[in-house]
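Bear in mind these aren't lab numbers, they're just calculated from the coordinates by the rules spelled out. Quantities reported herein were computed from a predicted structural model and do not represent experimental measurements. Glycine also receives a Cβ, built like all others from the backbone with ideal geometry; neighbour counts cover every protein chain displayed.
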Amino acid sequence: MTTQAEVMAIVNSIAVPSVLRGLEEMNLVREIGITDHKVEVKLASAAINKEAQDWIKSQIETMAGKLEGVKSVAVSFEEISPKGINNVKHVIAIMSGKGGVGKSLVTGLTAIALRRQGHSVGILDADITGPSIPKIFGIKGNPEGNENGFLPLISNTGIEVMSVNLLLPDENEAIIWRGPMIGKVITQFWEDVLWGNLDYLIVDLPPGTADAPLTVLQQLPVAGIIIVTSPQDLATMIVKKAVNMAKKLNKPIIGVVENMSYLYVAEIDKKIELFGPSRAQEMAKEAGAPLIAQIPIDPELAKLCDRGEIELYDSKDIERLGELVVNTPLECPQCAADCKSCNHDCHG
């Protein structure tokens, strides 16, 4: 006699087209029932278009129909928005206040670090007017979806990505929008994109402390912030504004990353501080958080980003980023308690 576990195994083996993550991973399985040799599978449609729904239905019917004792298989889709499906355990914001210090780079490296640890990870590119995440990951194409929402695109290592650049006919097209429109798009990326089950969603914030960062910090359940800075005194001054914003909104700062800290010249075995002496410890003290990493100016990393191959980069800084995020107590999105001490299944 066919068991529910056997049917579930079949359902879980089927990946959502374009996302290439299983139906259970995308949290689309609503109900599985077996009565009188008939198998019934109920799925959520969310952002799955009709063509993909038909393919999924056909796969389940064919595979489940071969199980012992099964005479018929019925697969149905229930209309539920991505907002009603998504189960994101931790939202981490990458923030600076200052432009050009490497927020997108740190966003990418943080996502890569967590993915290498085996976590399911997504990136929400909230830098609407200056999106660069698709470029450094080498992601091209338009997201698929239906009237309820969109599916994210997937990087080479399985990181889900949504960025406004993926929705434009030309990646060089300028986004000339006022604040309320930008805030609306960020909210849609959170509510209308089918993220499914995710351990971590990393949000790449734009510069400043105005509309866009405020939308993220107030509308999304941000569990922690990573502050990005660089050695210049001017950058330090502006980044402190972002630190103060996080504190005023009661958002915990996980740690500080100083980018462009130095240039290492192997031929003379020397670190050259191109932008002056490090102020990383000063910023960490200001933020009341640990210094996670001091990322050097690395020509190899720059080349990989330009080629869309950032996922090939490896360094101890990446390992430390992942370790610190995982080991830092984060707020539970359901009860605001420490995730590692509450009863909700939000810490994996």
Antiparallel %, DSSP beta bridges [both residues in the chain], to 5: 30
Qualifying GluC sites (Glu not before Pro) for the range 202-297 [loop in DSSP, other Cβ within 10 Å: at most 10]: E267
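At most 14 other Cβ atoms within 10 Å and a DSSP loop assignment: could you name the GluC sites (Glu not before Pro) in the range 167-218 that fit?
E171, E173
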Between helix 179-191 and the chain: long-axis angle, C-alpha atoms, 0 to 90°, nearest 10: 50
Among L274, L43, L28, residue whose mean-square fluctuation peaks in a GNM of the chain (springs only between Cα atoms under 10 Å): L274
Separation of the E173 and A9 label points, Cα + 7 Å toward Cβ, nm: 4.7
Rough spin-label spacing in nm, given labels placed 7 Å along Cα→Cβ, for T62 and Y264: 5.1
Degrees between helix 103-116 axis and first principal axis of the chain (Cα, 0 to 90, nearest 10): 50
Positive-end extreme of charge dipole, the chain - chosen from A302, L274, I56 (charges on Cβ): L274
Dipole in debye (nearest 20) - the chain, about Cα centre, beta carbon charges: Lys, Arg +1; Asp, Glu -1: 780
Listed pairs K57/K83; K241/K285; K98/K316; K271/K316; K98/K140 exceeding 20 Å between Cα atoms: K57/K83; K98/K316; K98/K140
Helix axis angle, 233-248 relative to the chain longest principal axis, alpha carbon, degrees: 50
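Compute the FRET efficiency between N156 and A74 as 1/(1 + (r/R0)^6), taking r as their Cβ-Cβ distance and R0 = 51 Å, and round to the nearest 0.05.
Numbers: r = 37 Å, r/R0 = 0.72.
Taking R0 as 51 Å, the efficiency between N156 and A74 is 0.85.
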Normalised alpha carbon radius of gyration of the range 4-80 [divisor 2.2 N^0.38 Å]: 1.01
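Mind sorting T110, T35 by how few other Cβ atoms lie within 10 Å of their own Cβ, fewest first?
Sorted ascending by nearby Cβ count, the order is T35, T110.
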Electrostatic dipole magnitude of the range 4-80 [Cβ: Lys, Arg +1; Asp, Glu -1; Cα centre; debye, to 20]: 100
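Kindly provide the helix-only [θ] at 222 nm of the chain, computed as the sum of -39,500 (n - 2.57) over DSSP H runs of four or more divided by all residues, to the nearest 500 deg cm²/dmol?
-9500 deg cm²/dmol
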Label-point separation, K316 to I272 (7 Å along Cα→Cβ), nm: 2.3
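Using a 10 Å Cβ count of at most 12 others and DSSP loop calls, identify the longest part of the chain lacking such trypsin sites (Lys or Arg not before Pro).
179-306
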Whole-number percent relative contact order across the range 1-148, with pairs defined as alpha carbons under 8 Å at least 6 apart: 22
Sequence-distant lysines (8 or more away, or on other chains) whose Cα lies within less than 17 Å of K89: K251, K340
Max mean-square fluctuation residue, GNM over the chain, Cα-Cα springs under 10 Å, options A74, A293, A223: A74
Loop GluC sites (Glu not before Pro), the range 62-165, which have at most 14 other Cβ atoms in a 10 Å radius of their Cβ (DSSP): E68, E79, E147
Within a Gaussian network of the chain (alpha carbon springs, distance under 10 Å), most fluctuating of D127, D269, D314: D269
Over the chain, relative contact order from alpha-carbon pairs under 8 Å, at least 6 apart, %: 19
Förster radius 22 Å - calculated FRET efficiency between K50 and E24, Cβ distance, rounded to 0.05: 0.55
